[in-house]
Structures are given as C-alpha cells and as structure tokens.
Amino acid sequence: MTSYNRMSKDLQTIIDANRNVVLSLFNGRCILNPAHKAVVIHEIEPKSLRPNDWWEIDNMVPLCAICHDLIHASGAKTYQKQLQELRNGRGKV
C-alpha cells in the first residue's frame, strides 16, 4: 500500500467518524426539518472552497433527502449562512 492510499484510507476513516458524530449531535434528524430523519451529511462550505478541512465536524450538517435536494436545486450558497447559524445553535427551525 502506498502512502497516498494509506492517507486516503485514514482520511476516509476520519470523515466517516465525523459524519457519525454529526448525526449523533442532531439525534439523526434533519437540521432544517427535524421531523425528518437525516440521510445525508452536507458540507456547509463546499470542498472546492475548503479543500484542506472540508470534513471537519463544524462544516457538516445532517439533512433529509428533501432538504438536501432543495439546497442543491436552489444553489447551496443560498443556504450557507442559515445552515451555519443552525449548526452553531443560533438559528431557529
């Protein structure tokens, strides 16, 4: 195994663990619609803007499929501020 493959595998382990923490923090519920079960972990700031740490817990939020589709259909940037505020506990659903 090359060092790149090992690093990639180690990073994937971290990403998976962080996703599980985020799901746990929000009791497996969608951050925008807590009545729905979260099925997707969404990055608030996209990988393209945060290539070195997009996988950090503070950049992840749980979403149901409906909200995830809505965010991407509307343009993810439109929801960045709202998602960050909800993630930080300052927003209201």
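A few points about this structure:
- Close pairs from region 76-93: first closer than 15 Å to H42 by Cα, partner in a helix (DSSP H, G or I) and at pLDDT 95 or above, Cβ under 6 Å, at least 6 apart: Y79/I71
- Residues in region 55-80 that are of a type in the set (D, E, K, R), over 13 Å from the mean Cα position of the chain (by Cα) and modelled with pLDDT of 95 or more: D69 only.
- Selection status of D58, in contact with a Lys or Arg (Cβ under 9 Å, 6 or more places away or on another chain) and assigned to a helix (DSSP H, G or I): yes
- With respect to (1) closer than 15 Å to N18 by Cα; (2) in a loop (DSSP other than H, G, I, E, B); (3) in contact with a strand residue (DSSP E or B) (Cβ under 8 Å, 6 or more places away or on another chain); (4) of a type outside the set (S, T, Y), the lone exception for H42 is condition (2).
- Breaking point among (1) free of Cβ contacts under 8 Å to residues at least 40 places away in the same chain; (2) more than 15 Å from L23 (Cβ to Cβ); (3) crowded, with 18+ Cβ neighbours inside 10 Å; (4) among the hydrophobic types (A, V, I, L, M, F, W, C), for L49: (3)
The values are calculated or read from the model by the stated rules, or taken from the named source; none is laboratory data. This one's a predicted model, so the numbers in the text were calculated from it and none came from an experiment. FYI the Cβ positions are ideal-geometry reconstructions off the backbone, even for glycines, and counts take in every protein chain you see.
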